[in-house]
Amino acid sequence: MRISMVCLLLLTGALASAVDFELDVWTKVAARSCLKCHKTGGDGEDTRFVLLDPAVAGTTNWLAHNQAVLSRIAKLRKAGSGEPLVLLKVTDETDHDGGEVLARGSSGFQILERFVREGVTTAARKEKPFFAGVRMIADDRLLRRVTLSLAGRLPTDSERQQIESAGLDAMNPIMDSLMKEDAFYERLLEGFNDILLMHGVDGVPERILGYRNFGHTRNWYQKVKFEEIADKKERTQAKYALTRRYRESILHEPYALIEHIVRHDRPFTELVTADYLMVSPYTAKGYGIFEELKDRFADPENHMEFIPARLKQLNLRNGKTDQVTPTGNYPHSGLLTTFHYLQRYPTTDTNRNRQRARKYFEHFLGIDVMELAPRVTDAAAVGAKYEVPTMEAADCVVCHKSVDPIAGLFQDYQNPNNDFGPYGPRKDGWFTDMFGPGTRPDELPESEHWRALQWLGQRTAADPRFAVAMVGHVHYLLTGRKPLLPPKDIDDPLFVHRQRAYREQRSEIESIAGRFRAADFNLKTAFKAWVRSRFYRADGLATPKLRPGRAAELDDLGLVRLLSPGQLHRKIRAIFGLDWTLVTGQDYYRILYGGIDSKAVTERILAPSGAMGAIQRIMANEVACRTVPADFALEPARRRLFPGIEPDILPTHETKVRDAIVHLHSLILGRDDKTDAPEIDRTFDLFAGIVADAREQGRIDPRENYFCRAGKAEIRSPDPQYTIRAWRAVVTYLLRQPEFLYE
């Protein structure tokens, strides 16, 4: 269908006689091109043009303030020519430290020009409620979703009764109880490793405890002789087992900090401020502090028992002082000072801690500095024009003025050699061709240099963006998707709709962040708030066909994602009582099924590939094979899958068969189908068709497939009617449905 030029111009707003300040001037121009410099702490904070950043908590009336500021600036004219000064500034036709930010003729320039010359429209926008026409998931299905996602189990009878009695109001007390379970912490730490990727350190894990400071203690496990084991082979196996446990313990250590904070309802700001680290009996030996801590461990042989501890200031292997602190202690500051985080994100003399600064912004403030940075089209020309481009060129300064001060705070952790560990100040001092250490606009006081990362951690905890970032991490853990970013293409006909989707989600994130802060940064508050949120509970549309704009607004609602290998394993275990470890026990299958290794593969696959489809078929066949005959071999009262039906029930007993199918749909798929539902009809036809096909063969082998037999019990109960094998096919079919494979 052809779109006339007039229609296209109307879609993009090019024919409008006036502009909407929030949707056009602010969203498409000022927030994108002006705010990064013209705000408190920005390069333009000393000018007459200073805007309020709505991302800063506590900022009120920001829109009215910014409209007033821009309206005042729009009236300024250049002496002599009478041209609007702001139009000359943004095109760099008059002195502008930020250089050209809008080209003449660009959509952004045209919007700003109309605003300067014609003002803004005062007509109120008419928008339907954002969730109009969106169905919410039933409370009982929400309960199943939450317990499977966060605890790897089905709801208990008590939880179902609570939901039936109190509805959504019962979710908070249910989650309070659920978030005390060990399975919740398994899921929590799995999700945070997706974000932090600290399992992906290079080399063997004991290298995290650098040779420079722990070279005499980190390899303690190599000195264990196992002389009490006479058999040489068994002794070798014991040594390998000890090594595996030690390495597992080391890799888990930073995540033990997250678990400790959340499990004990401590402020999650301790992620960046904790004046301790978590150690196990094994890692305590690696640090050389086991003897002073051994009485605090419940089981000194348990490599996964972790307790809080503090290190002394670091010494060299020969005992000489390597790090001088006024307290005599290592300046712990949560993850910022863990050797794991520093080793996972190392630095070089050319990188100068900028990778660490970038990851700091991403992990703890929710900012992707690479998204914000302008793209320099001719780096060679910039390098020729400026002696220090990162401190002089406008396109470089806008990013480096924020990144480099954070990089400077990591200056004592220079990785002079990866095997030496992360600690090691530069012999020549910090670089002078970088912006000095600090957090804009504050510079690091010289007296705080010894605890620079503690200083950073305290400011991070007080930064309103920290709470927003953590709420965003919880959103990712629950949905598998990062929070939306503002749309980039202002010429996109659907821009206003994508912007609304971003604005609505951002408003929800900031609302939850406010509750998170009010609850003394208890992360459980964020989980409970997201689960009750309409963004998480959205479950379909009342009207299946939507206009493109409305479809763009609702595109990110709800929860539809392929289960990760760990989630799939836990779901199979919860429903069938079976540990099917193909996607978790072998790295090549786990990676093929969308898993990560936290190093080379750092993002999970969201859409299934051909290989993943093959693994799904293997899974469906094997799980049905191993569980259906075994279930029929049990007493009826002990069965999970077939509590109300026997192998001699044929399709002619239609009511009983349909009741059994309804039970399977509920158990495996979480569906609440009636016996005459089309989905039940399809499953019934599959069961009946397989039994009929077997009878048409004339002779039925009374025995189940050899690999699927349930031991001696199954041999005593053969399958002469072919119904057990038909039910196995039914379960295979259900295991390949999206409702099972997706969350």
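The values are calculated or read from the model by the stated rules, or taken from the named source; none is laboratory data. Since this is a predicted model, take the numbers as computed values, not measurements. Here the Cβ is made from the backbone with ideal geometry for all residues, glycine too, and neighbour counts use every protein chain on show.
Within region 196-220, no residue that is without any contact (Cβ under 8 Å) to a residue 12 or more places away in the chain and outside the structural domain of L335 (by TED's automatic domain parsing) sits with its Cβ atom under 7 Å from a residue that is among the hydrophobic types (A, V, I, L, M, F, W, C) and surrounded by fewer than 16 Cβ atoms within 10 Å (Cβ to Cβ) at 6+ positions apart or across chains. Would you point out the residue of region 697-710, among those that are among the hydrophobic types (A, V, I, L, M, F, W, C) and at pLDDT 75 or above, that is surrounded by the fewest Cβ atoms within 10 Å (Cβ to Cβ)? The extreme case among them is F707.
Residue count for region 109-159 satisfying the condition of being closer than 30 Å to V29 by Cβ and either part of a loop (DSSP other than H, G, I, E, B) or of a type outside the set (A, V, I, L, M) (or both): 20. If you go through region 650-684 and pick out every residue that is in contact with a Ser or Thr (Cβ under 7 Å, 6 or more places away or on another chain) and either over 15 Å from R141 (Cβ atoms) or among the aromatic types (F, W, Y) (or both), you end up with 5. Restricting T652, T675, T683 to residues that are more than 16 Å from W727 (Cα to Cα) and assigned by TED's automatic domain parsing to the domain that holds I572 narrows the list to T675. Within region 256-308, the set of residues being part of a helix (DSSP H, G or I), among the aromatic types (F, W, Y) and touching a residue at least 24 places away in the same chain (Cβ under 8 Å) comprises Y282, Y287. Consider region 462-501 and keep the residues that are among the aromatic types (F, W, Y) and modelled with pLDDT of 95 or more. The one that is surrounded by the most Cβ atoms within 10 Å (Cβ to Cβ) is F466.
Here are L562, L477, L523, L557: which of them is touching a Phe, Trp or Tyr at 6+ places or on another chain (Cβ under 7 Å) and within 19 Å of F364 (Cα to Cα)? Just a single option satisfies the conditions, and that option is L523.
Taken over region 299-330, the criterion of being among the hydrophobic types (A, V, I, L, M, F, W, C) and under 34 Å from the mean Cα position of the chain (by Cα) is satisfied by M304, F306, I307, A309, L311, L314. Would a scan of region 78-88 turn up a residue that is outside the structural domain of D20 (by TED's automatic domain parsing) and loosely packed, with under 13 Cβ neighbours inside 10 Å? The answer is no, given that none of the residues of region 78-88 is outside the structural domain of D20 (by TED's automatic domain parsing) and loosely packed, with under 13 Cβ neighbours inside 10 Å. May I ask you to verify whether R570 is surrounded by 14 or more Cβ atoms within 10 Å (Cβ to Cβ) and either modelled with pLDDT of 90 or more or under 20 Å from S666 (Cα atoms) (or both)? So R570 passes the test.
Being surrounded by 13 or more Cβ atoms within 10 Å (Cβ to Cβ), hydrophobic (A, V, I, L, M, F, W, C) and either outside the structural domain of R573 (by TED's automatic domain parsing) or at pLDDT below 95 (or both) holds for only one residue in A688, A713, and it is A713. Residues that are under 26 Å from the mean Cα position of the chain (by Cα), at pLDDT 80 or above and buried (at least 17 other Cβ atoms within 10 Å of the Cβ) are absent from region 372-391 altogether. Checking each residue in region 389-436 for being touching a Leu at 6+ places or on another chain (Cβ under 8 Å), farther than 28 Å from R207 by Cα and part of a loop (DSSP other than H, G, I, E, B) picks out only G436. For region 167-218, the set of residues classified as part of a loop (DSSP other than H, G, I, E, B) and either under 30 Å from D157 (Cα atoms) or of a type in the set (S, T, Y) (or both) consists of M179, K180, E181, T217, listed by residue number.
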